[in-house]
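Okay, so here's the structure we're looking at.
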Amino acid sequence: MTIQLIATDLDGTFLTDDKKFDQTLFRRVLSQLKRQNIAFAIATGVHQERINVIFKNFLNEPINFVTNNGARVIKSDGSVLFSKALSVKTLVRIQDFLVHYDVQPDRGLVFSTDETAYLPRYANIKNSERYFKFFKNIVRFENVTDIPEPIYKVTMSWQNFDESQFYRDARLALGADVHITETGTGAIDIIAAGVNKAAALNILAESHGINMADVVAFGDGGNDVEMLCAVGQPFKMPNARITGDYQTAVDDNNNSGVLKTIQKITHLS
């Protein structure tokens, strides 16, 4: 294969456990990728505003973004290639399901756009600030039908609960209208049906005239599996929670494993 695009997950993959990265090394790698005409993308479960905070020193760099677990695709020039929100009808079904679910999300429950966290008044959430501190706006609502803008995902988590049970129950209740996946940050996302990182990355690759066989991707969790299976050269992190026929990055997320592996496979120094 000829490497033309490299995409990486953030949490547990590109970022250290304390949500940082080697900015000097990253800037050097970006510069070298540009010289080789290799595109770079962040493919993550989080929203754009959090990304803007993390990469505040790199917002003028040619970085592409797959956000909200594939619900949004933003090209490096700022143009929106793809955007798929949950329909109001589906949001009502999700709300009804969550309201009547036996074990309420008690650690976090957010209906989100790229900038605004909508928090339901009926939810009994403890210490939830950590789940919406990266949003510009925080808005409480009574009913999802009151939300005036598109919602890209519903994110929830529990303090002490077997989340595998929720996966089974939610899929049974909501069916083909949604895609349920992990966030990469210890929570669960409900997004629109057909939305995932692989589909979104394919849209991005096509916009650059790139075949998925010439794409490299890095990931560590369940929400990365579709993406890793779709690209020509998939890498999992040494401490990944997934198994599969993937190569392993040369080091872990706390030691710039993604950047070091990029240097190795593209012969950068």
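The values are calculated or read from the model by the stated rules, or taken from the named source; none is laboratory data. If you're wondering where the values come from, they're calculated on a predicted model, not measured in any experiment. Every residue, glycine as well, gets a Cβ built from its backbone with ideal geometry; the counts of neighbours run over all protein chains shown. Keep in mind that these areas ignore ligands, DNA and RNA; they rest on the heavy atoms of the full protein, side chains included. Shrake-Rupley method; radii C 1.70, N 1.55, O 1.52, S 1.80 Å.
List of remarks:
- Centroid-to-centroid separation of segment 201-220 and segment 176-191 [C-alpha atoms, Å]: 22 Å
- Potential lengthening between Leu59 and Thr145 on full extension [0.36 nm per residue; Cα-Cα distance subtracted]: 27.5 nm
- Total charge dipole magnitude, segment 1-70, about the Cα centre, Cβ charges on Lys, Arg, Asp, Glu only, Debye to nearest 20: 320 debye
- Those residues of segment 1-16 whose amide nitrogen sits under 16 Å from the label point placed on Thr266, 7 Å along Cα→Cβ: 1-9, 14
- Counting protein heavy atoms only, segment 143-269 has 45 percent of its accessible area on carbon and sulfur, 1.4 angstrom probe.
- Using alpha-carbon coordinates, inclination of helix 197-207 to the longest axis of the chain, degrees: 50 degrees
- Viscosity 1.002 mPa s, temperature 20 °C, Stokes-Einstein D of segment 137-269 from Kirkwood C-alpha radius, µm²/s: 125 µm²/s
- Using θ = phi - 60° and Karplus 6.51 cos²θ - 1.76 cosθ + 1.60, couplings along segment 148-163 (whole Hz; Gly, Pro as x): x, 9, x, 9, 8, 7, 10, 10, 9, 7, 10, 7, 9, 6, 6, 5
- The residue list Leu174, Val99, Thr185 was ranked by how far each Cα lies along the charge dipole of segment 86-185 toward its positive end, using unit charges on Cβ atoms, and Thr185 comes out on top.
- Segment 1-122: proportion of alpha-carbon pairs further apart than 26 angstrom, %: 33 percent
- A simple spin-label model places pseudo-atoms 7 Å from Cα toward Cβ; at Cys229 and Lys19 they are separated by 3.1 nm.
- With all protein chains kept in place, the per residue accessible area of segment 116-269 amounts to 45 square angstrom at a probe of 1.4 angstrom.
- Across the chain, the volume of the C-alpha convex hull divided among the residues equals 123 Å³ per residue.
- Ranked by how many other beta carbons lie within 10 Å on average, peptides 231-237, 258-264 from highest: 231-237, 258-264
- Net charge of neighbours whose Cβ lies under 10 Å from the Cβ of Thr183, counting Lys and Arg as +1 and Asp and Glu as -1: -2
- Square roots of 5 times each gyration tensor eigenvalue, C-alpha, segment 46-87, largest first, Å: 19, 12, 6
- With respect to the chain, whose longest principal axis is taken over its alpha-carbon atoms, helix 88-100 is tilted by about 60°.
- DSSP bridge pairs, the chain: antiparallel proportion in percent, nearest 5: 50 percent
- Per-residue ³J(HN,Hα) for segment 4-16, Karplus 6.51 cos²θ - 1.76 cosθ + 1.60, θ = phi - 60°, Hz, x for Gly and Pro: 10, 8, 10, 10, 9, 5, 9, 5, x, 10, 7, 8, 5
- For Lys89, the lysines whose Cα comes closer than 19 Å to its Cα, not counting residues fewer than 8 places off in the same chain, are Lys153.
- Surface per residue (accessible, 1.4 Å probe) for segment 12-100, Å²: 44 Å²
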